[in-house]
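Values in this text are rule-based calculations from the coordinates and carry no lab data. From a predicted model like this one, the values you see are computed outputs, not experimental measurements. FYI the Cβ positions are ideal-geometry reconstructions off the backbone, even for glycines, and counts take in every protein chain you see.
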Amino acid sequence: MSYLVLARKWRPQKFSELIGQEHVSQTLKNAIDSGRVAHAFLFTGARGVGKTTSARILAKTLNCEKGPTTEPCNECSICKEITAGLSVDVLEIDGASNNGVDEIRELRENVKYLPAQSRYKIFIIDEVHMLSNSAFNALLKTLEEPPPHIKFIFATTEPHKVPITILSRCQRFDFKRIPLVTIFKRLRFILDQEAVVMSDDALAMVARKGDGSMRDALSALDQVLAFCGDRVADADVLSILGVVDRGLVIAALNFIFERDSAALIGVVKRVDDSGCNIRHFCHELIEMMRTLLLLKSSAAVADLLDLSDRELAEASAIAEKTDMETIQRCIFILLRADTEMAHSSFTRLLLEMALIRMASLAAVIPVQELLERLKKIEAAVPPAYLAAESRSPSYKAAAAPDRGAVTVPKSSPPPKAEPAGSAGIATAETSGVQDWQGFVLYVKSKKPMLASKLEKGSPLKDSAGVLHIGYQKGSLEFSMLQEPDYQQQLGELAAAYYGRPVSIKILVNSRESGAVPLSIAEKKTVELARQEQKIKDAADKHPLVMAALDIFGGEIVAYKH
């Protein structure tokens with residue numbers, strides 16, 4: 001005797017046996033009771049949720065010898081023929097393989113004839129969206145005004161591909177995904193009838209494998225029973241179905257919020273050793289993080305979560321260990337890791353990095369606590385000082401991200417006009433070159449690029465119509481200014497500025513003698529460093545900064561204008 005798979009053996013034969021689609025069965029039963037049965041129906045929904053099964057039950061209720069009735073007797077010859085798929089008056093057509101206009105024309109010819117022995121001739125077209133446009137057009141007139149003995153029942157997983165002209169001629173019923181708890185209860189009932197021993201954890205994995213489809217769940221259960229027989233172990237279910245061990249997901253979440261990075265690396269190793277897809281494990285973590293987020297947002301979200309009672313209790317216990325902000329940050333990290341895994345061959349490394357990053361997240365300080373700390377800063381500074389600060393530039397401290405440190409902005413002092421011979425500029429008294437700054441500024445107005453090279457030179461001396469400029473040996477400026485073109489340009493500019501013929505001589509600096517004055521560029525660097533240090537010293541001693549460092553427990557890491 002051939003084996004009958006569970007999905008066929010336990011296929012519902014009455015509306016009362018239809019699981020998870022009560023809104024459809026109740027509407028159809030009311031329509032039969034009131035005599036308002038349409039001539040065309042469209043059943044839509046995911047795979048394995050009961051579309052074709054409902055079509056067969058509807059056909060039996062309409063053609064049953066004791067009907068039309070809301071529940072077929074399943075004992076008369078007509079009900080038995082429909083159940084076995086042998087009825088000549090109930091024709092099941094596969095839209096994928098009979099999608100041409102010729103098949104539809106043949107169907108139109110059959111419509112003319114009365115049923116052989118039943119009350120109605122019923123056409124059930126599965127995957128109707130696979131019909132061609134020509135086939136749909138050929139069906140339109142018959143579908144709109146069929147003979148009174150004809151009923152059409154269409155089923156599809158992709159209703160958006162059905163032309164609107166067909167949709168407008170049908171009563172549409174949308175079949176829902178079946179909840180996990182409902183699938184679990186149905187599988188438990190079947191196992192009890194089949195005298196099979198299986199734990200709730202293992203059965204929950206099988207139910208989740210169905211992903212909202214009762215047929216897929218029953219197919220997975222058939223596969224498990226084929227391997228295990230009448231006694232099913234949890235480990236066998238994991239190995240056969242290739243699903244993620246939920247215990248590893250729960251362990252990973254606990255280790256994340258306990259900040260145990262070493263244990264998380266161990267979890268990833270166990271996942272990889274078990275042969276489970278790393279990215280699939282990441283998806284399971286994201287789904288569990290979503291569960292925790294919903295639990296933290298409201299206590300009345302149990303109906304939104306596709307979890308068993310035990311799984312809901314586990315998730316609630318984990319949610320108590322953390323806060324909503326941390327969960328949101330973890331979700332962002334996992335989503336980014338999942339995106340990177342799609343384009344990388346180092347999926348294990350990416351998951352390890354994401355888990356360690358989540359376990360290392362700094363605690364989020366509530367806004368109210370930050371406001372309280374800021375009030376303490378205000379209280380720590382004398383009111384008179386704050387009043388003075390309001391009339392002058394102030395230094396404000398800001399917490400550096402993830403370090404509890406303080407960044408101190410600094411104010412730039414207004415530039416001061418310095419006359420020739422002021423501090424920072426080599427003069428005749430210090431370098432032996434008359435009005436060196438004035439000469440460089442004059443060259444800058446004529447030849448800016450040439451002036452930038454002069455600023456890096458040291459003015460040595462000016463004697464007998466010769467201007468001596470010193471540079472470091474091997475420097476770019478030393479090499480370029482020795483070229484005849486540059487010598488000629490400098491000589492002409494010097495003669496125009498000093499009012500007498502001047503030749504230029506480029507020398508090598510000798511720092512050992514200590515007599516070489518600093519260049520303009522070096523003087524600027526020294527002056528800038530002095531100003532920077534002055535600002536830093538002022539910021540370090542600022543009362544607001546000192547109070548912020550004390551209250552927030554931070555450190556100064558940068559100074560910004």
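From the alpha carbon gyration tensor of region 246-359, can you work out the equivalent ellipsoid semi-axes (sqrt of 5 times each eigenvalue) and give them in Å, largest to smallest?
Ellipsoid half-lengths, sorted descending, are 23, 14, 14 Å.
May I ask for the Rg/Rh ratio of region 428-517, computed from Cα atoms with Rh as the Kirkwood radius, given to two decimals?
That ratio is 0.93, to two decimals.
Putting +1 on Lys and Arg Cβ atoms and -1 on Asp and Glu Cβ atoms, find which of Leu18, Thr165, Val237 reaches farthest to the positive end of the dipole of the chain.
It is Thr165, whose Cα lies furthest towards the positive end.
Helix 324-341 against the longest principal axis of the chain: what's the angle in degrees, Cα atoms only, rounded to the nearest 10?
90 degrees
Take the eigenvalues of the Cα gyration tensor for region 180-241, scale each by 5, and report the square roots as semi-axes in whole Å, largest first.
After scaling each eigenvalue by five and taking roots: 15, 13, 10 Å.
Rounded to the nearest 20 debye, what is the charge dipole size of the chain about its Cα centre when +1 sits on each Lys and Arg Cβ and -1 on each Asp and Glu Cβ?
1300 debye
Kindly give the semi-axes, whole Å and largest first, of the ellipsoid equivalent to region 6-174, taking each as the square root of 5 times a Cα gyration tensor eigenvalue.
One finds semi-axes of 23, 18, 15 Å for region 6-174.
For region 37-102, run through the trypsin sites (Lys or Arg not before Pro) and keep only the ones in DSSP coil with at most 16 other Cβ atoms within 10 Å of their Cβ.
For trypsin sites (Lys or Arg not before Pro) across region 37-102 that sit outside H, G, I, E and B with at most 16 neighbouring Cβ atoms in 10 Å, the list reads Arg47, Lys66.
Tell me the Kirkwood hydrodynamic radius of the chain in angstroms, computed as one over the mean inverse distance between distinct C-alpha pairs.
Answer for the chain: a Kirkwood hydrodynamic radius of 32.7 Å.
If amide hydrogens are placed 1.01 Å from N in the peptide plane, which non-local residues have theirs closer than 5 Å to the one on Ser503?
Close amide H contacts, sequence-distant or interchain: Val466, Leu467.
Report the relative contact order of region 180-241, percent, no decimals, based on alpha-carbon pairs under 8 angstrom and at least 6 residues apart.
Averaging sequence separation for qualifying contacts and normalising by length gives 37 percent for region 180-241.
Amide H of Val90 versus every other amide H placed in the peptide plane: which residues, excluding those fewer than 5 positions away on the same chain, fall under 5 Å?
Amide H neighbours of Val90, under 5 Å, 5+ apart: Ile122.
Given the Cα-Cα distance of Arg348 and Ala362 and 0.36 nm per residue of separation, how much length would full extension add, in nm?
That pair, Arg348 and Ala362, stretches by 2.7 nm at full extension.
Rounded to the nearest 500 deg cm²/dmol, what is the calculated helix-only ellipticity per residue at 222 nm for the chain, with -39500 (n - 2.57) per DSSP H run of length n ≥ 4?
Helix-only estimate at 222 nm: -16000 deg cm²/dmol.
DSSP loop (so not H, G, I, E, B), at most 14 other Cβ within 10 Å: list which trypsin sites (Lys or Arg not before Pro) in region 200-232 pass both filters.
Passing sites in region 200-232 do not exist.
To test your reading of the geometry: what angle, between 0 and 90 degrees and rounded to tens, separates the Cα axis of helix 436-446 from the longest principal axis of the chain?
50 degrees
As I understand it, the value is the acute angle between the Cα axis of helix 51-63 and the longest principal axis of the Cα atoms of the chain; what does it come to in degrees, rounded to 10?
Helix 51-63 and the main axis of the chain meet at about 20 degrees.
Can you find, among Met205, Asn110, Ser219, the residue sitting farthest towards the positive end of the charge dipole of the chain, where Lys and Arg contribute +1 and Asp and Glu -1 at Cβ?
Toward the positive end, the furthest listed residue is Asn110.
What residues qualify as long-range amide H neighbours of Leu42, i.e. H under 5 Å apart, gap of 5 or more or another chain, H built at 1.01 Å from N?
For Leu42, whose amide H was placed from the backbone, the distant partners under 5 Å are Phe154, Gln171, Arg172, Phe173.
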